[in-house]
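Notes to accompany the following structure.
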């Protein structure tokens with residue numbers, strides 16, 4: 001575990017106006033060389049052709065199998081609106097996709113998901129800088145259309 005004063009030391013080393021900047025602002029600062037580095041998602045760095053350092057999976061929030069380890073760490077953040085603050089615990093960063101119950105084109109949506117979850121779709125996602133879980137994980141596997149069940153596994 002990091003020493004308890006690590007966050008305070010890191011915060012003290014960064015100008016206050018740089019803390020809490022959103023991603024688009026950080027990208028602009030990087031591109032104009034107003035800052036030397038920023039903490040961004042890997043997919044963002046790859047999408048913008050930025051040099052980047054890849055952190056080990058034990059700390060980079062990329063692997064569900066390290067969820068318990070990630071949860072050992074928390075950070076207090078300012079809310080975008082107002083003076084509120086929130087404490088966020090570490091957890092794997094994942095993106096979800098679903099077919100709405102009332103989807104107008106449910107069969108086409110199922111075909112699209114089958115493509116994304118298949119080998120060609122996985123290549124497209126990787127080319128976009130994403131690292132798809134393989135197989136994909138569903139928290140509600142019993143509600144997944146039959147044609148997609150073979151492309152994912154139920155969450156534990």
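Taking the criterion of being part of a loop (DSSP other than H, G, I, E, B) and under 12 Å from residue 94 (Cα atoms), the residues of segment 61-74 that qualify are 61, 62, 63. The set of residues from segment 40-59 being within 22 Å of residue 18 (Cβ to Cβ), in contact (Cβ under 8 Å) with a residue 12 or more places away in the chain and in a loop (DSSP other than H, G, I, E, B) comprises 40, 41, 48, 50, 52. The lone criterion from (1) out of contact with any strand residue (DSSP E or B) (no Cβ under 8 Å at 6 or more places or on another chain); (2) in contact (Cβ under 8 Å) with a residue 24 or more places away in the chain; (3) exposed (fewer than 14 other Cβ atoms within 10 Å of the Cβ) left unmet by residue 78 is number (1). In segment 119-132, of all residues being surrounded by 12 or more Cβ atoms within 10 Å (Cβ to Cβ) and in a loop (DSSP other than H, G, I, E, B), the one that is modelled with the highest pLDDT corresponds to 132. Based on this model, can you work out whether residue 23 counts as under 27 Å from residue 126 (Cα atoms), within 16 Å of the chain's Cα centre (by Cα) and not assigned by TED's automatic domain parsing to the domain that holds residue 141? For residue 23, the condition - under 27 Å from residue 126 (Cα atoms), within 16 Å of the chain's Cα centre (by Cα) and not assigned by TED's automatic domain parsing to the domain that holds residue 141 - is met.
Taking the criterion of being under 20 Å from residue 26 (Cα atoms), under 13 Å from the mean Cα position of the chain (by Cα) and not assigned by TED's automatic domain parsing to the domain that holds residue 123, would at least one residue in segment 63-79 satisfy it? Scanning segment 63-79 turns up no residue that is under 20 Å from residue 26 (Cα atoms), under 13 Å from the mean Cα position of the chain (by Cα) and not assigned by TED's automatic domain parsing to the domain that holds residue 123. In segment 133-146, what count of residues is obtained for those that are surrounded by 14 or more Cβ atoms within 10 Å (Cβ to Cβ) and either part of a helix (DSSP H, G or I) or free of Cβ contacts under 8 Å to residues at least 12 places away in the same chain (or both)? So the count comes out to 1.
In segment 3-24, the qualifying residues are those that are assigned to a loop (DSSP other than H, G, I, E, B) and either touching a helix residue (DSSP H, G or I) at 6+ places or on another chain (Cβ under 9 Å) or surrounded by 10 or more Cβ atoms within 10 Å (Cβ to Cβ) (or both), and the one that is modelled with the highest pLDDT is 14.
The values are calculated or read from the model by the stated rules, or taken from the named source; none is laboratory data. Please read all numbers here as calculations on a predicted model, not as lab measurements. Please note: Cβ atoms are built from the backbone with ideal geometry, for glycine as well, and neighbour counts cover all protein chains shown.
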